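Undergrad: Okay, here's the structure, questions in a sec.
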Amino acid sequence: MPDQDMVLIDTSTPRGLRADHFARHGWEHGRLRVPAEGTDWKRFASAWDELVPDAYLGGERCRRNRRFGRVLAHRDGTLEPLRGTEFFQSKEINRTFGDQLRVFEPLTDTVLADRLFPRILRETLGLVNEVAGRQDWELGIHFIRVLADAGQGSEPAPEGRHSDGHSYVAIHLIDRHRCVGGRNQVFRNGEPDACHTVTMTEPLETLILSDTTMQHDVSEIRPDGTAGSAWRDTMIVDFNTVPDPAGVPGRTHGSLR
C-alpha cells in the first residue's frame, strides 16, 4: 500500500492528469486534455439541456435530470455503442437505489455523433489503460444535471459516501451554474477521513478513482443567491472489465467516429 496522503482541500488551477499519481494513490484529480471552449464545446455541453427527470428518485432530497449510455471500448481503440440502458447495483453497493433495475432514457443520437464525445472517452480510457493495462472495457456513461432552487439544497449523491461497484469511475465536470457546494471527497476503503477534497469549477476538471479501493462522496449544491435555478452538470464514466466482448449484450458492431 502507498503512504497515506495528507488531506488536501484543493483550490489550485487543475493540472493535467497523471497516470503515475493515479497508480500510486488510487485516485487522480486534474484536467482532461480536451478543449472545453468555443462552438464545439458549447454544442456538446448543450446536451445537458436535453436531459430528463430521474424517475427513480422518489422522496430523496435531490432534483436530478439524466441520460445514460453504454459503449464497448475494444482494446484496439474501437468505441462500439451498445443498445440498452439498463443499470443495476446491489443493495450492498447502493443502499438507496440498490436491488432495482433502473432503465434510463438513452443518450441522444446527437451526442453519439458529436466528435467531442469519443474524444473525451478516449482520453479517459488512455489514463485507465496506462494504470490497468490495455484491455476491453464496458463503459457506462451518465449525463447528470443536479438542480437546486432558492432556499433548498440538492444532494448529487443521496446515498452518501459510497463506491459504485465498478473497476474505475471518472467524474468529469461539465458546468456549474449559479451554485455553491458540490465538494467531492475521496476516502480509502475502511478509513474515516478523506484523503482528498476538491470543489471542481472548470469544464472537464476530472476526478478519477479506483472503485475497488476508494470511496467518494459529494456535498449538496445550493443556489449562490442570484435569481433563478442553480445546477451542476457532470459526465460520469464507469469502467467494467469484459472477459469476452462477444458476450456483451446490446452489440451493434458500429463505431463512434
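Undergrad: Between A132 and R178, how high is the FRET efficiency from 1/(1 + (r/R0)^6) when r is the Cβ-Cβ distance and R₀ = 30 Å? Nearest 0.05.
TA: Working: r = 38 Å, r/R0 = 1.26.
Step by step, r from the Cβ atoms, then E = 0.20.
Undergrad: Can I ask one more? Once you have a ≥ b ≥ c as the square roots of the Cα gyration tensor eigenvalues for the chain, tell me rounded if a/c is under 1.5, and otherwise prolate or oblate according to whether a/b is larger than b/c.
TA: Values: a/c = 1.30, a/b = 1.11, b/c = 1.16.
Here the chain falls in the rounded category.
Undergrad: If ligands, DNA and RNA are left out, what is the accessible area of S219 with a 1.4 Å probe, given in Å² to the nearest 10?
TA: Solvent-accessible area, nearest 10 Å²: 40 Å².
Undergrad: Sticking with this one: How much length is gained if the chain between R15 and D193 is pulled fully straight, taking 0.36 nm per residue apart and subtracting their Cα-Cα distance, in nm to one decimal?
TA: Net length gain for the segment: 61.7 nm.
Undergrad: Then there's this: Of S255, Q215, C195, whose Cα points farthest to the positive end of the dipole of region 149-257 (charges on the beta-carbon: +1 Lys, Arg; -1 Asp, Glu; origin at the Cα centre)?
TA: Farthest along the dipole direction, towards plus: S255.
Undergrad: Sticking with this structure for a sec: Rank D49, D238, D109 by mean-square fluctuation in a GNM of the chain with C-alpha springs under 10 angstrom and give only the top-ranked residue.
TA: Looking only at D49, D238, D109, the biggest GNM fluctuation is shown by D109.
Undergrad: So if R0 is 25 Å, what FRET efficiency would R257 and V103 give, r being the distance between their Cβ atoms, rounded to the nearest 0.05?
TA: On the way: r = 27 Å, r/R0 = 1.09.
The formula returns an efficiency of 0.40 here.
Undergrad: What does the charge count around V180 come to, taking other residues whose C-beta lies under 11 Å from its C-beta (Lys +1, Arg +1, Asp -1, Glu -1)? Numbers along the way, then the final one.
TA: Numbers: positive: R176, R178, R183, R222, R232; negative: E220, D224.
Charge balance near V180 sits at +3.
Undergrad: Suppose the chain between A113 and A55 were pulled fully straight at 0.36 nm per residue; how much longer would it get relative to their current alpha carbon spacing? It would help to have the intermediate numbers written out before the result.
TA: Numbers: separation 58, 0.36 × 58 = 20.88 nm, distance 2.62 nm.
Stretched fully, the A113-A55 segment lengthens by 18.3 nm.
Undergrad: Something else about it: For A45 and S229, compute 0.36 nm times the residue count separating them, minus their Cα-Cα distance, and round to one decimal in nm. Mind dumping the intermediate values first?
TA: Details: separation 184, 0.36 × 184 = 66.24 nm, distance 1.76 nm.
Value of the extension gain: 64.5 nm.
The values are calculated or read from the model by the stated rules, or taken from the named source; none is laboratory data. What you see is a predicted model; the values in this text were computed from it and never measured. When we count neighbours, we look across all protein chains shown, and the Cβ atoms used for this are built from the backbone with ideal geometry, even at glycine. Heads up: the accessible areas ignore ligands, DNA and RNA and are worked out on the full protein's heavy atoms, side chains in. Shrake-Rupley method; radii C 1.70, N 1.55, O 1.52, S 1.80 Å.
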